[in-house]
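Reviewing the structure listed below.
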Amino acid sequence: MPSRRAIVAGLLATAAFPAASEGARLRKAISTIVPFKTSPFPYRGKLPDGSGPFLDVTGNGRRGHTSPRGGIYWEDETYSDRSTLLAVPRGFDPARPAVIVVFFHGNGATLQRDVVERQRVFAQVEASGLNAVLVAPQFAVDAQDSSAGNFWTPGAFARFMGEAGQGLAKLTGAKAARFDAMPIVLAAYSGGYNPAAAVLKNGDARGRLLGVILLDAVFDDSDIFAGWIAGHATTRFFVSAYGESSASGNAEIVRLLGSRSVRVSSDPPPRLAAGTVAFIASHTAHDTFVTRAFVDNPLQWLLGRVRGFPR
């Protein structure tokens, strides 16, 4: 469960910024972290390859998971946080065309410390000028683990987005149906590639997925990303900015796309629209990639080029 501090912070944020009336632009930004019923963790299922249970270790009455990079992590410490960040920029207008930006964080992260403060994800969404809201679930807490948890299960992400729509409706005063119909931009950093690949493989966005943005984030599942791009090359956008850490994974996607005659660009796209497929090399550090890549604040830069949804 989320910490008492996280829950209190969420309640305070909601109380401090009253919701807008239906169809009105928000006068103040809202940022809150709240527990969800449908969340990546806790997860009591199997590994996605079916080789065994996710929780494969027991000791002193506790259950744990053996992470290939981090060793044993215990469920009560690492895989029990149901928190999700919901954030709405100042000036957001639910009555105008709008999108939901869903952000999947990487390893060693928490929502407040890393997604909000260090990586400034909400600040970048707000500064982009896009008429968008932000949704970011907590995965493994502060751990070297990219596991998607419940998002490995078909249908879980769709249920998560349904709950997100209800939460955003309460924050803004708009009807949940508005958020249920909004297109989704899926953005993932580093280890966020694993849940992103699961969402694409399962098709859980149900036709709502406008496009995908990856930030130094392909360490496996190149075939899943390539398959999705090839199947939506003229109807969705895909942009992957990468450094040395994920260069080989991105190169493999490009190779697979070449074998399917899908054209790709290596230049930063002037606009993000249906048919945009770009892989942008950046000689910058992995740990600061969300705030400094081929440009400063790359998420802001890319979201600012999504057409059709001005704030």
Among the listed residues ALA140, ALA136, identify the single one that is touching a residue at least 12 places away in the same chain (Cβ under 8 Å), crowded, with 24+ Cβ neighbours inside 10 Å, among the aliphatic types (A, V, I, L, M) and in a loop (DSSP other than H, G, I, E, B).
ALA140
In segment 166-182, which residues are of a type outside the set (Ser, Thr, Tyr) and buried (at least 19 other Cβ atoms within 10 Å of the Cβ)?
GLY167, LEU168, ALA169, LEU171, ALA174, PHE179, MET182
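Conditions tested, residue by residue: (1) free of Cβ contacts under 8 Å to residues at least 60 places away in the same chain; (2) in contact with a helix residue (DSSP H, G or I) (Cβ under 8 Å, 6 or more places away or on another chain).
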position	(1), (2)
ARG271	yes, no
PHE279	yes, yes
THR288	yes, no
ASN297	no, yes
Of the residues that sit in segment 151-196 and are assigned to a helix (DSSP H, G or I) and hydroxyl-bearing (Ser, Thr, Tyr), which one is nearest to PRO97 (Cα to Cα)?
THR172
Conditions (1) closer than 23 Å to MET182 by Cα; (2) in contact (Cβ under 8 Å) with a residue 40 or more places away in the chain; (3) surrounded by 15 or more Cβ atoms within 10 Å (Cβ to Cβ); number of the one not met by GLY275:
(3)
Which residues, taken from segment 92-133, are assigned to a loop (DSSP other than H, G, I, E, B), farther than 14 Å from ALA187 by Cα and not polar (S, T, N, Q)?
PHE92, ASP93, PRO94, ALA95, ARG96, PRO97, ALA98, GLY108, ALA109, GLY129
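Can you pull out every residue in segment 230-252 that is over 20 Å from the mean Cα position of the chain (by Cα) and within 21 Å of TYR189 (Cβ to Cβ)?
Keep residues of segment 230-252 that are over 20 Å from the mean Cα position of the chain (by Cα), which gives 230-231, 233-235, 244, 247-248, 251-252.
If the condition is that a residue be over 20 Å from the mean Cα position of the chain (by Cα) and within 21 Å of TYR189 (Cβ to Cβ), then GLU244, ALA247, SER248, ALA251, GLU252 are the ones that fit.
Read-outs: derived from the displayed coordinates by stated rules, not from any lab. Predicted, not measured: the structure shown is a model, and the values here were computed from it. Neighbour counts run over all protein chains shown; Cβ positions are idealised from the backbone, glycine included.
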